[in-house]
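Here's the structure we're looking at; comments come further down.
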Amino acid sequence: QVQLVESGGGLVQAGGSLRLSCVASGSIFSVNNMGWYRQAPGKQRELVAVITSGGSTNYADFVKGRFSISRDNAKNTVYLQMMSLKPDDTAVYYCNARITSRSIPVSGDYWGQGTQVTVSS
């Protein structure tokens with residue numbers, strides 16, 4: 001069984017910074033793409049950033065220059081460094097990973113439980 005656990009959310013003032021972490025654990029054979037999504041109240045879940053196992057990154061336009069995604073493959077962990085936060089960044093942030101488990105030899109998408117980020121004005 002595979003699970004993703006996020007941490008690092010919280011309340012911050014506009015202009016501040018937060019760092020989110022997400023650890024994948026369980027019966028893992030390999031971890032491919034890892035990424036962060038967010039969902040604000042009344043809105044659809046949207047991609048924030050994604051990183052491949054080789055370190056290539058892609059960002060949503062609304063976070064370019066402010067957020068940075070990175071990963072530690074040895075720890076099956078992905079990070080999201082968020083700077084210059086705005087009230088519009090307020091949302092539940094979800095970790096996503098494409099993982100091949102040891103028990104099922106096909107890759108699947110796994111999600112964390114989400115962590116709340118609130119940016120006050």
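Evaluate the following for Phe67: is it of a type in the set (Phe, Trp, Tyr) and open to solvent by less than 40 Å² (accessible area, probe 1.4 Å)? Taking the combined requirement at face value, the residue satisfies it. Evaluation of Val119 against the conditions (1) surrounded by fewer than 17 Cβ atoms within 10 Å (Cβ to Cβ); (2) touching a Pro at 6+ places or on another chain (Cβ under 7 Å) shows that the sole unmet condition is (1). Residues in segment 9-46 that are over 18 Å from Tyr59 (Cβ atoms), small (Gly, Ala, Ser) and open to solvent by 30 Å² or more (accessible area, probe 1.4 Å): 8 in all.
The residues of segment 72-91 that are in contact (Cβ under 8 Å) with a residue 60 or more places away in the chain and either of a type in the set (Asp, Glu) or within 15 Å of Ser21 (Cα to Cα) (or both), listed by number, are Tyr79, Leu80, Gln81, Met82, Met83. Being among the aliphatic types (A, V, I, L, M), surrounded by fewer than 14 Cβ atoms within 10 Å (Cβ to Cβ) and either touching a residue at least 24 places away in the same chain (Cβ under 8 Å) or not in a strand (DSSP E or B) (or both) is true of Ile104.
The selection criterion, being in contact with a helix residue (DSSP H, G or I) (Cβ under 7 Å, 6 or more places away or on another chain) and either assigned to a loop (DSSP other than H, G, I, E, B) or crowded, with 17+ Cβ neighbours inside 10 Å (or both), does not hold for Val92.
Does Gln81 satisfy the criteria of being over 15 Å from Thr115 (Cα atoms), among the polar types (S, T, N, Q) and either open to solvent by 30 Å² or more (accessible area, probe 1.4 Å) or outside any loop (DSSP other than H, G, I, E, B) (or both)?
Answer is no for this residue.
Would you mind stating whether Ala97 is crowded, with 18+ Cβ neighbours inside 10 Å, touching a residue at least 40 places away in the same chain (Cβ under 8 Å) and either in contact with a Leu (Cβ under 6 Å, 6 or more places away or on another chain) or in a strand (DSSP E or B) (or both)? For Ala97, the condition - crowded, with 18+ Cβ neighbours inside 10 Å, touching a residue at least 40 places away in the same chain (Cβ under 8 Å) and either in contact with a Leu (Cβ under 6 Å, 6 or more places away or on another chain) or in a strand (DSSP E or B) (or both) - is met.
Can you pull out the residues in segment 57-74 that are under 15 Å from the mean Cα position of the chain (by Cα), in a helix (DSSP H, G or I) and more than 16 Å from Arg38 (Cα to Cα)? Within segment 57-74, Asn73 is the sole residue that qualifies. Checking every residue in segment 83-95 against the condition of being closer than 16 Å to Phe29 by Cα and at pLDDT 95 or above gives zero matches.
Just one of the listed residues (Ser30, Ser53, Ser25, Ser68) is of a type outside the set (Phe, Trp, Tyr), within 13 Å of Ala97 (Cα to Cα) and free of Cβ contacts under 8 Å to residues at least 24 places away in the same chain, and it is Ser53. Checked against (1) exposed (fewer than 15 other Cβ atoms within 10 Å of the Cβ); (2) in contact with a helix residue (DSSP H, G or I) (Cβ under 7 Å, 6 or more places away or on another chain), Ala49 meets all criteria but (1).
The values are calculated or read from the model by the stated rules, or taken from the named source; none is laboratory data. Just so you know, these numbers come straight off a predicted model, no measurement behind them. When we count neighbours, we look across all protein chains shown, and the Cβ atoms used for this are built from the backbone with ideal geometry, even at glycine. Remember, those area values only see protein heavy atoms, side chains included, never the ligands or the DNA or RNA. Shrake-Rupley method; radii C 1.70, N 1.55, O 1.52, S 1.80 Å.
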